[in-house]
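Trainee: My structure is below; once you've seen it, I'll send some questions.
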Amino acid sequence: MTTPEVKTLTVNGVQVEIHGERNLLEVIRKTGIELPTFCYHSELSVYGACRLCLVEVEKRGIMAACSTPPENGMVIRTDTKQLREIRKINIELLLANHNRECPSCVRSSSCTLQTLARRLGVDTIRYKQRQELEPIDKSSPSLERDPNKCVLCGDCVRVCTEVQGIGAIGFSFRGSKAKVAPAFDKNLAEVECVNCGQCAAVCPTGAIIPHQNREDVWNAIHDPSKIVVAQVAPAVRFALAEFFNQEAGQNAAGKLVAALKKMGFDYVYDTTFTADMTIWEEAEEFLRRVKAGGPFPMFTSCCPGWVKYAEINFPSLAQNLSSCRSPQQMFGATMKEALPDMLGKKREDIVVVSIMPCTAKKYEAGLDKFKVDGNPDVDFVLTTTEIGRMIDSFGIKFNELEQEAFDMPFGFGTGAGVIFGTSGGVMEAALRYAVGKIEGKVPMHGLEFHAVRGSQRFKETSIKAGDAELKIAVVNTLGAAKELAQQAADGKSPYHFIEVMACPGGCVCGGGQPILNDRIKRSRRMEAVYKCDKNMQFKNSLENHMLKDCYEKYLGGQPNSEKAHHLLHTKYENLNGIFDAVEVVEAGKSSRKIAVSVCVTPGKDEKKSAEMLSQILDYADQKGLADKLVVETAFAPSCTKRQAGEVLVGGRFFDGTDLDAVKQGIEEAVAK
Amino acid sequence: MDASVRAREAEKAVSRMEDAEAVLREYNYDKAKLVPILQAVQARYNWLSKELLSYIACALGLPPARVYGVATFYAHFSLKPKGKNIIRLCDGTACHVKGSTAILDALYEKLNIKPDRDSTDDMMFTVETVSCLGACGLAPVMLVNDDVHGQVKPSDIPKIIDDLLAKQGSKTANEVA
Ligand code: SF4
Ligand code: SF4
Ligand code: SF4
Ligand code: FES
Ligand code: FES
């Protein structure tokens, strides 16, 4: 006997072979039976808490399939009277604890709780409904958390911790008080959440959903004085069809344009146009760095989830992040520059609506630095599912629509712009441009970089361009980005250029896309991106001639011109210290107070910190400013970069060597 | 405020996390030791403030939500400040039947604790109810710091409190109130 014996087990009388499956759930799935699950997620660790996936194993009794490894000879039944009863009771108990407002819930058709209740035939609930409701957290511009719909499956906690390496939400308390919430029951907007929306993408119910801006956009459409302009991100077109029950991996761009026109959008443009623009700016920035010998590595900056992550956790990398705004923001700034002129309208009358796969873009669009006199460059951001719901509510039969083309000139993009939608795409687009330019290949057809493609979390390659050897890395998920960022912060990065996207697989699997927790279907979306690129006439951003016109008319003639810099680039903030332990030393009585915080690190320069503190207190007394200040100590534990004796005055930073500067800072802050 | 007092105050403010840092150092900043670290820090500060939890989370490189989760999971950890003296009144079945509720009322009255609170304003006392202390034979049972008082009657309460304060050389509870 040379062939090793194949292990088998029996599911409902059918024999199945075991081939390295990690648990019974996966083996049972092979027989065509889909067990109900809540807390099982193939890409996360096994939790085993919901007790829905129960099966009966002969001679062993009832077991959770998701957390039981398959063994040779097991005899399994997935549907007995007792199992049915247990599952039903579980669902009933969850429903009793659930704020059941299904008709108005955003997840109404994609909710696992609802689907399971229907599948298991729960038609009455024998338990009394919980009375008091917890407040809904609407603090975040990206997400809404309704604890009353949470079934405590923990998927969001695990995705945020295991995949994103953040852990902004976690389990707290226990027993009947157990809940999922940010630290100290703070609001999501006050903690280290980067708005990626992956928690919403895995939540089986409507307990975490993208913040909804549908009403805002309807209002703009219905306001006759407004010109409403849409931009459609590359990734949206590869997932929207799923919302309308079509197979994954179709390109719905043409139908989406048709639908938006019907709904009353005045112009429908393509973010691919500004993706190409991003490449012009970013690849030029990279070439400049190559010439100047650094600073390296350069990180891409088109993912606002990643940018916020870096601002919170690695503020020292500000110089390493490309100064380019994301394609969404480049589009907004360009529209508000060009359209008033083109259409003879005021800036305020142009409403730019982004249609994005992404919840973080909602946060980005609201940042003050992207506003002019209070008017934002991008007025509203809709996720793919929001636009799906709007199309639906208009009564449009999406699947029957005839395709229409984007409006020109801002609806024109190349294949390089399209592949921005997936992990590796921004890098490949930049390389097509940069390598093409270094090697003087025009037009740059046939420049493809397959090493950066695919859904692996980490990809690296090195590329010869002229005399230079460029080391390249591409990561998706922030958990994977963390290591590379740490390496760069320690000055040990071997790379020249690193692309980061926060979502697994990139934007095609963004937090605003139709819910899809299936690896195979996810990769269909990625394949569709490259298929679309293949079919494009132009594949290099350099070949976008409409973009050339746009630079000539509105952006100072060429990439990196002064005007382009002003409109298309940005600066980064230091958001570190969200969780510094702050203790109030003296608080004044005035209603408007300036926070003055002195950084203290136990064991390090304590004398200096104490001196600084008492001098600030003395100074406040002398000048009679004490009532207008809150003087605090901020304890920076070993991991943060803040140094003992440093002072923040109303958010402004002083390194603590110059007391007079601090005093002046206080006076200025109070005077403002 | 005179300068030397001010300087002393500043030094005190600056050294507030020193004990926590000492505990962390002792445990080698090991995330796996989160529970013993929280225990040791609580032992020194009497309770776990938000500031302490944040500090520990950052120092260990753990998400603050996780540290908060552990701290709220175990009843042993206190996220509210505790008084100097801690009175634990048993409200297990046996003690409840033998009248623990009346004793709780007597404690609240004697210590002048406001409804919805569990500590005196001056933080001299915190009153907690706990489940069965395993001394049902002595029901109703009350622990004052580490001393067990069995078969307590409501009328015993003023004396127990006054004796304790006398022992500690403080003013009586009435004067405090
Ligand atoms: S949006 Fe992202 S970072 Fe924020 S809680 Fe959800 S998974 Fe975590
Ligand atoms: S919010 Fe959603 S994903 Fe998170 S525990 Fe609750 S039900 Fe599960
Ligand atoms: S990867 Fe894309 S979808 Fe995800 S947060 Fe970043 S920009 Fe948004
Ligand atoms: S899916 Fe197995 S216990 Fe939840
Ligand atoms: S019930 Fe109070 S000690 Fe047991």
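The values are calculated or read from the model by the stated rules, or taken from the named source; none is laboratory data. None of these values were measured; they are calculated from a predicted model. Quick reminder, even Gly has a Cβ in these numbers, built from the backbone with ideal geometry, and neighbours come from all protein chains shown. Side chains are part of the model used for accessible areas, which takes the heavy atoms of the whole protein and leaves out ligands, DNA and RNA. Shrake-Rupley method; radii C 1.70, N 1.55, O 1.52, S 1.80 Å.
Trainee: Could you grab me the full set of residues in the range A:125-143 that are of a type in the set (Lys, Arg) and exposed (fewer than 13 other Cβ atoms within 10 Å of the Cβ)? Let's see the steps before the verdict.
Mentor: Our first condition is that a residue be of a type in the set (Lys, Arg); within the range A:125-143, this holds for A:126, A:128, A:130, A:138.
Selection gives A:ARG126, A:LYS128.
Trainee: I would also like to ask the following. Looking at (1) more than 13 Å from chain B (Cβ to nearest Cβ); (2) under 28 Å from A:LEU133 (Cβ atoms); (3) away from ligand 3 (no atom under 16 Å from the Cβ), find the lone condition where A:GLU190 falls short.
Mentor: Every condition holds for A:GLU190 apart from (1).
Trainee: Then there is this: Run down A:GLN198, A:GLN212, A:GLN231 and say which single residue is within 13 Å of ligand 2 (Cβ to nearest atom) and under 30 Å from A:ALA333 (Cα atoms).
Mentor: On the way: A:GLN212 fails: within 13 Å of ligand 2 (Cβ to nearest atom); A:GLN231 fails: within 13 Å of ligand 2 (Cβ to nearest atom).
On inspection, the qualifying residue turns out to be A:GLN198.
Trainee: Any chance the range A:113-124 includes a residue that's in contact (Cβ under 8 Å) with a residue 40 or more places away in the chain, surrounded by 13 or more Cβ atoms within 10 Å (Cβ to Cβ) and within 27 Å of A:ALA189 (Cβ to Cβ)?
Mentor: Yes, the range A:113-124 contains at least one residue that is in contact (Cβ under 8 Å) with a residue 40 or more places away in the chain, surrounded by 13 or more Cβ atoms within 10 Å (Cβ to Cβ) and within 27 Å of A:ALA189 (Cβ to Cβ).
Trainee: Now for a different question. Given the range A:80-199, what helices (runs of 4 or more DSSP H) lie entirely inside it while holding 2 or more residues that are within 14 Å of ligand 1 (Cβ to nearest atom) and within 25 Å of the chain's Cα centre (by Cα)?
Mentor: Per the criteria, A:155-158.
Trainee: Right, another one. Could you figure out which of (1) away from every other protein chain (no Cβ under 14 Å); (2) away from ligand 4 (no atom under 16 Å from the Cβ); (3) in contact (Cβ under 8 Å) with a residue 60 or more places away in the chain isn't true of A:ARG145?
Mentor: For A:ARG145, the failing item is (1).
Trainee: Right, next: State yes or no: is A:ALA207 touching a residue at least 60 places away in the same chain (Cβ under 8 Å), over 30 Å from A:ILE350 (Cβ atoms), away from chain B (no Cβ under 14 Å) and among the small types (Gly, Ala, Ser)? Break it down stepwise before answering.
Mentor: Details: touching a residue at least 60 places away in the same chain (Cβ under 8 Å): yes; over 30 Å from A:ILE350 (Cβ atoms): yes; away from chain B (no Cβ under 14 Å): yes; among the small types (Gly, Ala, Ser): yes.
So A:ALA207 fits the description; yes.
Trainee: So which helices (runs of 4 or more DSSP H) are wholly in the range A:279-385 and hold at least 2 residues that are at pLDDT 95 or above and under 15 Å from A:LYS571 (Cβ atoms)?
Mentor: Result: A:304-313, A:327-343.
Trainee: Return the total of residues in the range A:163-202 being free of Cβ contacts under 8 Å to residues at least 60 places away in the same chain and not aromatic (Phe, Trp, Tyr).
Mentor: Kept after step one, since they are free of Cβ contacts under 8 Å to residues at least 60 places away in the same chain, are these residues of the range A:163-202: A:167-182, A:184-189, A:193.
Those left that are additionally not aromatic (Phe, Trp, Tyr): A:167-170, A:172, A:174-182, A:185-189, A:193.
So the answer is 20.
Trainee: Determine the pairs where a residue that is open to solvent by 80 Å² or more (accessible area, probe 1.4 Å), located within the range B:22-33, has a partner that is at pLDDT below 95 with Cβ atoms under 7 Å apart, the partner being 6 or more residues away or on another chain.
Mentor: From the range B:22-33, the pairs are B:LYS31/B:LEU60; B:LYS31/B:GLY61; B:LYS31/B:LEU62.
Trainee: Which residues, counting only those in the range B:1-55, are of a type in the set (Asp, Glu) and closer than 22 Å to A:VAL584 by Cα? Break it down into steps so the answer makes sense when it comes.
Mentor: First, pick out the residues of the range B:1-55 that are of a type in the set (Asp, Glu): B:2, B:9, B:11, B:18-19, B:21, B:26, B:30, B:51.
Within the range B:1-55, B:ASP2, B:GLU9, B:GLU11, B:GLU18, B:ASP19, B:GLU21, B:GLU51 qualify.
Trainee: Here's another thing I want to ask about it. Residue by residue through the range A:144-203, note down the ones that are open to solvent by less than 30 Å² (accessible area, probe 1.4 Å), more than 26 Å from A:ALA480 (Cα to Cα) and touching a His at 6+ places or on another chain (Cβ under 9 Å).
Mentor: Selection gives A:ASN148, A:LYS149, A:VAL151.
Trainee: Could you tell me whether B:TYR68 is closer than 30 Å to B:LYS33 by Cα and of a type outside the set (Lys, Arg)?
Mentor: Working: closer than 30 Å to B:LYS33 by Cα: yes; of a type outside the set (Lys, Arg): yes.
Answer is yes for this residue.
Trainee: Residues of the range B:109-119 being at pLDDT 90 or above and open to solvent by less than 60 Å² (accessible area, probe 1.4 Å), which ones?
Mentor: Residues of the range B:109-119 at pLDDT 90 or above: B:109-112.
Within the range B:109-119, B:LYS110, B:LEU111 qualify.
Trainee: What are the residues in the range A:276-297 that are open to solvent by 10 Å² or more (accessible area, probe 1.4 Å), of a type in the set (A, V, I, L, M, F, W, C) and touching a residue at least 60 places away in the same chain (Cβ under 8 Å), if any?
Mentor: A:TRP280, A:LEU287, A:VAL290, A:PHE296
Trainee: Could you list, in sequence order, all residues of the range A:588-610 that are free of Cβ contacts under 8 Å to residues at least 12 places away in the same chain and at the interface with chain B (Cβ under 9 Å from one of its Cβ atoms)? Explain how you work it out, then say what you get.
Mentor: So in the range A:588-610, the residues free of Cβ contacts under 8 Å to residues at least 12 places away in the same chain come out as A:591, A:603, A:607, A:610.
Passing the criteria: A:GLY603, A:LYS607, A:ALA610.
Trainee: Across the range A:601-630, what is the total count of residues that are within 39 Å of the chain's Cα centre (by Cα) and under 14 Å from B:LYS12 (Cα atoms)?
Mentor: 4
Trainee: While we're looking at this one, here's another question. Kindly evaluate A:THR68 against the criterion of being closer than 30 Å to A:TYR363 by Cα and within 14 Å of ligand 4 (Cβ to nearest atom). Explain how you work it out, then say what you get.
Mentor: Values: closer than 30 Å to A:TYR363 by Cα: no; within 14 Å of ligand 4 (Cβ to nearest atom): yes.
It is false that A:THR68 is closer than 30 Å to A:TYR363 by Cα and within 14 Å of ligand 4 (Cβ to nearest atom).
Trainee: If you scan the range A:552-577, which residues turn out to be surrounded by fewer than 17 Cβ atoms within 10 Å (Cβ to Cβ) and either of a type in the set (Ser, Thr, Tyr) or at pLDDT below 90 (or both)?
Mentor: Listed by number, the residues that qualify are A:SER561, A:GLU573, A:ASN574, A:LEU575.
Trainee: Does the range A:176-199 include one or more residues that are closer than 17 Å to A:ARG107 by Cα and within 16 Å of ligand 4 (Cβ to nearest atom)?
Mentor: So in the range A:176-199, the residues closer than 17 Å to A:ARG107 by Cα come out as A:197-199.
Pick out the ones that are also within 16 Å of ligand 4 (Cβ to nearest atom) and you get none.
So far as the range A:176-199 goes, no, none of its residues is closer than 17 Å to A:ARG107 by Cα and within 16 Å of ligand 4 (Cβ to nearest atom).
Trainee: Quick one: in the range B:163-177, of everything that is open to solvent by less than 50 Å² (accessible area, probe 1.4 Å) and at pLDDT 90 or above, which residue is farthest from B:CYS90 (Cα to Cα)?
Mentor: B:LEU165
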